[in-house]
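Reading through the structure tokens given below for one structure.
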Amino acid sequence: MAAEIPVVLIAGPTASGKSALAMALAEEIPAEIVSVDSAQVYRGMDIGTAKPSREERALVPHHLIDLCDPSEPYSAARFAVDASRAIAEIRSRGRVPLLVGGTMLYVRALLHGLSDLPSANRELRARLQAEADAHGWPMLHARLAKLDPEAAARLSPNDSQRIQRALEIIELAGEPATHAYRKRAANPSIAGPVLRYAMEFPERAQLHARIEQRLHQMMRLGFAEEVRALYERGDLDPDLPSMRSVGYRQLWAYFDGQWPLEEAVQRAIFASRQLAKRQLTWLRSSPEIARLDPRAPALAEQVLATLRPLLN
């Protein structure tokens, strides 16, 4: 039966080699890839999201890429619905769904269900942003520490996006964000076996080097020109979820005259490392996920050794 076909999750921090492993698996088994990336859903955001090339998509079908315009919102709830549909369709064709990406909120929404959280409030976010502009995000982090110490303890004082969201939830829901996140409003969406893997370098410095190398490679491929085209459209702004993506946010600020290009690149590298740290923290809190060393020889065979018996 289709529901008995296993689903394979390949998660991990940015630049850890998730897509390369997925493509290697797809060379050995009938499979299709489902992107688990909150930025790859947007059209026109290709280089900075490390979106698979046309050649790769011609070799292996990819799903949940180029779904919407950067001016449109896209949520974890919508992802859970779209991914569940894609998984069912892939299984109906007798193929293995490979969930590949590093947006951990999307992974949580699909595998564990969503919390019943209030929707984003543009006016409230604008007010919080104005306070941060006047007093700095560490001040708002201190406020969060009084209202929700557990949430504040997990966040850097300069993690603007998550501090803003936590304060927004507190004001709209009337309770600490930590409590609201624990209330599950939906059941897991996937029936049948799910094999879960995380790409993780033994040494953090190895990942940091990969992140820096990839960002510089993106710049050589035209990342700045890609962001310039988005900036010059005139209908986008830096508060949109699409433009808050790591790399895009920093280069947008460069085109806005906030700092030189070299500083924007360094800030993007730093932000990517901070993102990777958060991704690893989430993965390490999930003991059911098996760890894979991206440098290990025959990496795909490690996964196939577990997967193949389930396909017979």
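The values are calculated or read from the model by the stated rules, or taken from the named source; none is laboratory data. This is a predicted model, so every value here is computed, not measured. With ideal geometry, Cβ positions are generated from the backbone for all residues, glycine too; neighbour counts draw on all protein chains shown.
Given the criteria crowded, with 23+ Cβ neighbours inside 10 Å and either modelled with pLDDT under 95 or not in a loop (DSSP other than H, G, I, E, B) (or both), does ALA83 qualify? Walk me through it before giving the result.
On the way: crowded, with 23+ Cβ neighbours inside 10 Å: yes; either modelled with pLDDT under 95 or not in a loop (DSSP other than H, G, I, E, B) (or both): yes.
Answer is yes for this residue.
Evaluate the following for ARG273: is it at pLDDT 95 or above, touching an Asp or Glu at 6+ places or on another chain (Cβ under 9 Å) and basic (Lys, Arg)? Show your work before the answer.
Working: at pLDDT 95 or above: yes; touching an Asp or Glu at 6+ places or on another chain (Cβ under 9 Å): yes; basic (Lys, Arg): yes.
Yes: the conditions hold for ARG273.
GLU72 - would you say it is touching a helix residue (DSSP H, G or I) at 6+ places or on another chain (Cβ under 9 Å) and assigned to a loop (DSSP other than H, G, I, E, B)? Even if it seems obvious, please write down each step before you answer.
On the way: touching a helix residue (DSSP H, G or I) at 6+ places or on another chain (Cβ under 9 Å): yes; assigned to a loop (DSSP other than H, G, I, E, B): yes.
Considered against the rule, which asks whether it is touching a helix residue (DSSP H, G or I) at 6+ places or on another chain (Cβ under 9 Å) and assigned to a loop (DSSP other than H, G, I, E, B), GLU72 comes out as yes.
Inside the stretch 136-184, counting only helices (runs of 4 or more DSSP H) that do not spill past its ends, which hold 1 or more residues that are within 21 Å of the chain's Cα centre (by Cα) and not hydroxyl-bearing (Ser, Thr, Tyr)? Spell out the reasoning first.
Working: elements: 137-147, 149-154, 160-173, 177-182.
Counting at least 1 such residues, we get 149-154, 160-173, 177-182.
Going by what's in this entry, would ASP256 be described as at pLDDT below 95, over 18 Å from the mean Cα position of the chain (by Cα) and not hydrophobic (A, V, I, L, M, F, W, C)? Quick ask: steps written out before the conclusion?
On the way: at pLDDT below 95: no; over 18 Å from the mean Cα position of the chain (by Cα): yes; not hydrophobic (A, V, I, L, M, F, W, C): yes.
So ASP256 does not fit the description; no.
Could you check the stretch 1-59 and list, in sequence order, the residues that are hydroxyl-bearing (Ser, Thr, Tyr) and in a loop (DSSP other than H, G, I, E, B)? Working first, answer last.
Step one: of the stretch 1-59, the residues hydroxyl-bearing (Ser, Thr, Tyr) are 14, 16, 19, 35, 38, 42, 49, 53.
Within the stretch 1-59, THR14, SER16, SER38, THR49, SER53 meet the criteria.
Checking the condition more than 25 Å from LYS18 (Cβ to Cβ) and either at pLDDT 95 or above or touching a Cys at 6+ places or on another chain (Cβ under 6 Å) (or both), which residue from ARG214, ARG210, ARG228 passes?
Values: ARG214 fails: more than 25 Å from LYS18 (Cβ to Cβ); ARG210 fails: more than 25 Å from LYS18 (Cβ to Cβ).
Answer to the check: ARG228.
Being surrounded by fewer than 17 Cβ atoms within 10 Å (Cβ to Cβ), within 15 Å of GLU200 (Cα to Cα) and touching a strand residue (DSSP E or B) at 6+ places or on another chain (Cβ under 8 Å) narrows it down to one residue among ARG295, ARG291; which is it?
Working: ARG295 fails: touching a strand residue (DSSP E or B) at 6+ places or on another chain (Cβ under 8 Å).
None of the other options fit; the residue is ARG291.
Collect the residues in the stretch 86-99 that are aliphatic (A, V, I, L, M) and buried (at least 24 other Cβ atoms within 10 Å of the Cβ), keeping them in residue-number order. Write out each step before concluding.
If we filter the stretch 86-99 for residues that are aliphatic (A, V, I, L, M), which is where we start, we get 86-88, 90, 96, 98-99.
Of everything in the stretch 86-99, those that are aliphatic (A, V, I, L, M) and buried (at least 24 other Cβ atoms within 10 Å of the Cβ) turn out to be ILE87, LEU98, LEU99.
Just need a number here: residues in the stretch 235-251 that are over 19 Å from the mean Cα position of the chain (by Cα) and either modelled with pLDDT of 95 or more or closer than 21 Å to GLY102 by Cα (or both).
Initially, the stretch 235-251 is screened for residues over 19 Å from the mean Cα position of the chain (by Cα), giving 235-237.
Next cut, either modelled with pLDDT of 95 or more or closer than 21 Å to GLY102 by Cα (or both) only: 235-236.
The qualifying residues number 2.
When the residues of the stretch 282-312 are filtered to those that are among the acidic types (Asp, Glu) and more than 22 Å from ARG95 (Cα to Cα), which remaining residue is modelled with the lowest pLDDT? It would help to see each step written out before you state the result.
Taking the stretch 282-312 and keeping what is among the acidic types (Asp, Glu), we get 288, 293, 301.
Next cut, more than 22 Å from ARG95 (Cα to Cα) only: 288, 293.
On the way: GLU288: 87, ASP293: 95.
Of everything passing the filter in the stretch 282-312, GLU288 is modelled with the lowest pLDDT.
Here are some conditions: (1) outside any helix (DSSP H, G or I); (2) exposed (fewer than 13 other Cβ atoms within 10 Å of the Cβ); (3) free of Cβ contacts under 8 Å to residues at least 12 places away in the same chain. ALA205 meets all but one. Which one does it not meet?
So ALA205 meets the others, but not (1).
Check the stretch 102-115 and report whether any residue there is part of a loop (DSSP other than H, G, I, E, B), closer than 23 Å to PRO52 by Cα, out of contact with any Cys (no Cβ under 8 Å at 6 or more places or on another chain) and not aliphatic (A, V, I, L, M). Step through it out loud before you land on a result.
Of the stretch 102-115, the ones part of a loop (DSSP other than H, G, I, E, B) are 102-103, 113-114.
Next cut, closer than 23 Å to PRO52 by Cα only: 102-103.
Subsequent filtering for residues that are out of contact with any Cys (no Cβ under 8 Å at 6 or more places or on another chain) retains 102-103.
Restricting the remaining residues to those that are not aliphatic (A, V, I, L, M) gives 102-103.
Scanning the stretch 102-115, I find at least one residue that is part of a loop (DSSP other than H, G, I, E, B), closer than 23 Å to PRO52 by Cα, out of contact with any Cys (no Cβ under 8 Å at 6 or more places or on another chain) and not aliphatic (A, V, I, L, M), so the answer is yes.
What are the residues in the stretch 212-267 that are out of contact with any helix residue (DSSP H, G or I) (no Cβ under 7 Å at 6 or more places or on another chain), buried (at least 19 other Cβ atoms within 10 Å of the Cβ) and assigned to a loop (DSSP other than H, G, I, E, B), if any?
SER245
What are the residues in the stretch 293-312 that are in contact (Cβ under 8 Å) with a residue 40 or more places away in the chain and more than 16 Å from GLU28 (Cβ to Cβ), if any?
Once the filter is applied, which keeps residues that are in contact (Cβ under 8 Å) with a residue 40 or more places away in the chain and more than 16 Å from GLU28 (Cβ to Cβ), the stretch 293-312 yields ASP293, PRO294, ARG295.
Here is a list: ILE87, ILE33. Which entry is assigned by TED's automatic domain parsing to the domain that holds PRO193, of a type in the set (Val, Ile, Thr) and within 17 Å of the chain's Cα centre (by Cα)? Steps first, answer last, please.
Details: ILE87 fails: within 17 Å of the chain's Cα centre (by Cα).
Going through ILE87, ILE33 in turn, just one is assigned by TED's automatic domain parsing to the domain that holds PRO193, of a type in the set (Val, Ile, Thr) and within 17 Å of the chain's Cα centre (by Cα): ILE33.
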